[in-house]
Amino acid sequence: MVKKYTRSYAQEMDEQDELKQFRSEFYLKNESIYMDGNSLGLMSKRAENALHNIIDSWKKYGIDGWMEGDHPWYYLSERLGEKMSVLVGGKKDEVIATGSTTVNLHQLVSTFFQPEGKRTKILADALTFPSDIYALKAQLQLKGYDGSHLVQVQSEDGNLLNEEHIIEAMTDDIALIVLPSVLYRSGQILDMERLTREAHKRNIKIGFDLCHSIGSIPHDLHKWGVDFAFWCTYKHLNGGPGSVAGLFLHEKHFGVAPGLAGWFSSAKDKQFDMEHTLTPANNAGAFQIGTPHLFSVAPLIGSLDLFHEAGIEKVRRKSLALTDYLMELIKYELDGHGVVICNPENHIQRGGHIYVEHPEAARICKALKMKKVIPDFRTPSGIRLAPVALYNTFEDVYDCVQIFKTIMEDELYKQFENVREVVS
């Protein structure tokens, strides 16, 4: 057997791993092989401690916790925004921790979708996460437009997007573009710099959903000139279920009034003047709406510290090595079992997970879970596997594929009913 396809090779790779010390920072799930970090990242000990710290500050300070303690609440969203800015390539004032993915999308579209003349349409794609489309359709409806004003670029194979087709769809009736940075199913990375440049050539503002890229790949949003971006923090950032999201607003838009104004949209020095005319913050903070959800944002204090210590470039380097190895093993061990790799294989276009298809995907996922491998099923026939750089190992990848192989060879999946799982 070729050495690369042995456990000893995986163990050697783990010995050389420059991020191996971070695995001990996480609570691993019942000795399972966790391959679903692109849906919900595992809890780190630092995230847990940070949450307890904020709970204790409420206990100790009461209302004075807004200004006292290790992490005064009044400025916490801005400080976490500064920490996240490194991961998205923004300036510290361009990023804020606030809201949820969809709330932030509503906020940004309500601000930047300003139909005028024949520019009355929003451009998106047919493969993006459904909730983004729900929000875009709702925003169109609020402005008095029907679904025909949402243009969705189609996929030729149901998994990947052709960027040439996206650019061709940037016609003179498009007022705003909202696209994913990484496609949630196939893991394809879109060239955000190129698409932003092409949109701006046509005087169209453009924003990106970074849910499946932040914490997995580097970004340079400010340099690229991206108008806005938004993301969740419970996937690769390991902020916990329902953790507070984030958004990026390019500094060229500082001073633009938020479409959805609220209490925390205020400039910090004016917020308690109690005036009935809003003075928005002159940074991304203006796009906050309500009071920060302290217990849902607290874990990010710890989780983001881990990213600062590890460095996003090292995270990306290991992520690519893990997914390279995963694909090589699948090709070698699962040859002849009808498992088809459907994600991009080149590094430029591949995000932090791989995507394979098989007609029995739902039942295979149940069999994998029975064998303590945690995958992610995507209807109708997709399986996502996400080895996460901070806590997964090369031996995890090796064992995952060996278990997958046993399931296919012994047809263990046939013991399960062919019903669809609940997915996130």
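Over region 162-220, the Kirkwood radius and the radius of gyration, each from Cα atoms, give a ratio Rg/Rh of 0.97. Checking the Cα-Cα distances for LYS4/LYS366; LYS20/LYS235; LYS201/LYS235 against a 31 Å cut-off, the pairs over it are LYS201/LYS235. Over region 328-424, the reciprocal of the mean inverse Cα-Cα separation, the Kirkwood hydrodynamic radius, stands at 13.7 Å. With the cut-off at 1.5 for a/c, could you classify the chain from its C-alpha gyration tensor as rounded, prolate or oblate? Judged from the Cα gyration tensor, the chain comes out oblate (a/c at least 1.5, b/c at or above a/b). Kindly express, to the nearest 10 degrees and within the range 0 to 90, the angle between helix 361-370's C-alpha long axis and the longest C-alpha principal axis of the chain. The angle comes out at about 80 degrees.
For region 146-195, would you read off the P(r) tail past 15 Å as a percentage of all alpha carbon pairs? That fraction is 48 percent. For the chain, the carbon plus sulfur part of the accessible surface works out to 50%, probe radius 1.4 Å. Can you tell me how region 224-368 classifies by the Cα gyration tensor, rounded, prolate or oblate, using a/c under 1.5 as the rounded cut? It is prolate, given that a/c is not under 1.5 and a/b is the larger ratio. Scaling the Cα radius of gyration of region 25-82 by the globular reference 2.2 N^0.38 Å produces a ratio of 1.47. Residue order by solvent-accessible surface for TYR34, TYR134, TYR75 is TYR134, TYR75, TYR34, largest first, with ligands and nucleic acids left out and a 1.4 Å probe. Treating each Cα of region 1-150 as one equal point scatterer and applying the Debye formula with no solvent, the log10 of I(q)/I(0) at q = 0.09, 0.10, 0.17, 0.19 Å⁻¹ comes out as -0.57, -0.68, -1.13, -1.22.
Relative to the longest principal axis of the Cα atoms of the chain, the long axis of helix 130-142 lies at roughly 20 degrees. Its residue count N fixes a reference of 2.2 N^0.38 Å for region 42-129, and the Cα radius of gyration divided by that reference is 1.52. Heavy-atom accessible surface of the chain, averaged per residue, reaches 42 Å², computed with a 1.4 Å probe. Peptide packing for 248-260, 97-109 was compared via the average number of neighbouring C-beta atoms within 10 Å per residue; ordered from the highest value, the list is 97-109, 248-260. Put THR291, THR6 in order of accessible area, highest first, and with a 1.4 Å probe you get THR291, THR6. Dimensions of region 95-224 based on its C-alpha atoms, expressed as ranges along the principal axes with the largest first, amount to 38, 34, 29 Å. Just to check, using Stokes-Einstein with a Kirkwood Rh over alpha carbon pairs, what's the diffusion coefficient of region 287-368 at 4 °C and 1.567 mPa s in µm²/s? Here the translational diffusion coefficient equals 81 µm²/s. What shape does region 59-98 have by the C-alpha gyration tensor, where a ≥ b ≥ c are the square roots of the eigenvalues, rounded means a/c under 1.5, and otherwise prolate means a/b greater than b/c and oblate the rest? Taking the square roots of the gyration eigenvalues as a ≥ b ≥ c, region 59-98 is prolate.
The values are calculated or read from the model by the stated rules, or taken from the named source; none is laboratory data. Since the model is a prediction, treat every value here as computed from it, not as a measurement. Every residue, glycine among them, receives a Cβ derived from its backbone with ideal geometry; neighbour counts consider all protein chains shown. Heads up: the accessible areas ignore ligands, DNA and RNA and are worked out on the full protein's heavy atoms, side chains in. Shrake-Rupley method; radii C 1.70, N 1.55, O 1.52, S 1.80 Å.
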